[in-house]
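A.B. asks: Here it is, the structure, as structure tokens.
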Amino acid sequence: MDLETLGWNRFFQQHFEPFNDQNLIPARIAREHKNIYVVYTEAGQLTAKVSGRFRHDAQDYSDFPSVGDWVAVKARPEEESATIHGLLPRKSTFSRTAVLAGKTEEQVLAANIDMVFLVSGLDGDFNLRRIERYVTIAWDSGATPVIVLNKADLCDDVDSIIEEVEATIFGVSALAVSAEKKEGLDPLREYLTPGKTVALLGSSGVGKSTIINGMLGFEQLRTGAVRAYDSKGKHTTTYREMILFPNGGIVIDTPGMREIEIWADEEGLSSTFGDIEALAGQCRFNDCRHDNEPDCAIQDALADGDLDAGRFQSYIKLQRGLRHLALRQDQKVQRREARAWQKKVSQFQKERQKLMEKGIVQ
Ligand code: GDP
Ligand code: ZN
């Protein structure tokens, strides 16, 4: 694996300089599970952990590496392992606000993504508002969004929908594809240039896996380039989180990115936790917090073992996450608008100044 193929460029090169004379090499995080990382390096694929010093210096959650991050490692290729000593700055960040041990923190889901395919289905799933939210999330992250409308084979007026999307959302290309029929995938492949990292975002069932498979092509799958696909399983198959395409280009497909749909809109929340919402509807009080209230259907279900405590916790966390996110996105949008406005004002003042110097205006 050479570094450029993995997405290495001058930006990272520059920030790696302090590590150059420490006998460390660059590595890209391909996967993370319970503080154990799989990294790609020039010395191949290694299993890595952060050093004690790194852990000690980390202020919060976002100081730890995530999928897509570039890190500085001490490699032990003979053991196929490495120790992570430093994290390079991120060019883009997909994150969520998570409540960990009672503290609100930024949790980075994926880093250094250049392009993000926002996938929707042209069947019943199509929802312009949701696409707008995805576009906001993408711009916030620092990645460039591309709108991908899949399942074109199930839609009669693809052209007018594309027109509607492009008219509503300025400056973002929209492409119609049918992953199943392998139609329209070539323009998508063109985004997969060597060293560029693409991620896919979209509700479950819109066809993200089918698109990735379609772009890879059957032959490549059969050669075993991505073993995990054989099982047809969902994201329980872990090694596929960072896929290096044979002709260049990297696709990141992590469970965390897939979860963005859940906290990107409340609709997603209720469809994923429909059973819990249904239970909540049976509580005696409408505003039940499912804590100590009498006749709480959720507490009853937990006590009877009908509802898994872990799932209930995730539900509560996601609900909180949604509220934080809604707040944070508003603030971000406001800040961005304020900046854009300031820029316009100062441009206007400069123009005016020039005209005054030329004596055109007073
Ligand atoms: P994911 O959850 O986003 O990864 O979605 P999958 O790739 O697993 O696809 C969900 C379902 O949609 C599968 O049954 C696919 O066969 C189907 N599907 C994917 N792409 C298309 C398409 O272009 N047209 C049609 N008709 N079905 C599709
Ligand atoms: Zn309750």
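Read-outs: derived from the displayed coordinates by stated rules, not from any lab. Model, not experiment: these values are computed from the prediction. Note: ideal-geometry Cβ built from the backbone for every residue, glycine included; neighbour counts use all protein chains shown.
A.B. asks: In this model, which of Lys49/Lys91; Lys74/Lys196; Lys196/Lys354; Lys34/Lys151 are farther than 30 Å apart at the alpha-carbon?
C.D. replies: Lys196/Lys354; Lys34/Lys151
A.B. asks: On to the next question. Run the Debye formula on the Cα coordinates of segment 123-187, all scatterers equal and no solvent, and tell me log10 I(q)/I(0) at q = 0.13, 0.17, 0.23 1/Å.
C.D. replies: Debye output, listed in q order: -0.35, -0.60, -1.04.
A.B. asks: Follow-up. Using modelled backbone amide H atoms (1.01 Å from N, in-plane), which distant-in-sequence or interchain residues come within less than 5 Å of Gly249's amide H?
C.D. replies: So Gly249 has HN proximity to Gly195, Lys196.
A.B. asks: Counting other beta carbons within 10 Å of each residue's own, what order do Lys208, Lys49 fall into, fewest first?
C.D. replies: Fewest to most other Cβ atoms nearby, the residues stand as Lys49, Lys208.
A.B. asks: For segment 184-201, take each phi angle, set θ = phi - 60°, evaluate the Karplus expression 6.51 cos²θ - 1.76 cosθ + 1.60, and give the result in whole Hz per residue in order, putting x for glycine and proline.
C.D. replies: In residue order, the calculated couplings are x, 7, 4, x, 5, 4, 5, 6, 8, 8, x, x, 8, 10, 10, 10, 10, 10 Hz.
A.B. asks: Under the rule of at least 5 residues apart or a separate chain, name every residue whose amide H is placed under 5 Å from the amide H of Ala199.
C.D. replies: For Ala199, whose amide H was placed from the backbone, the distant partners under 5 Å are Met115, Val116, Phe117, Ile252.
A.B. asks: Calculate one ³J(HN,Hα) per residue across segment 5-11 by plugging θ = phi - 60° into the Karplus curve 6.51 cos²θ - 1.76 cosθ + 1.60, and present them in order as whole Hz with x for glycine and proline.
C.D. replies: 4, 7, x, 5, 8, 4, 4
A.B. asks: Report, by chain and number, residues whose modeled amide H sits under 5 Å from the one on Leu307, excluding near sequence neighbours (fewer than 5 apart, same chain).
C.D. replies: Leu302
A.B. asks: Further, regarding this structure: In whole Hz, what ³J(HN,Hα) sequence does segment 135-143 give by Karplus (6.51, -1.76, 1.60; θ = phi - 60°), x for Gly and Pro?
C.D. replies: Those phi angles translate into 4, 4, 4, 5, 4, 4, 6, x, 8 Hz.
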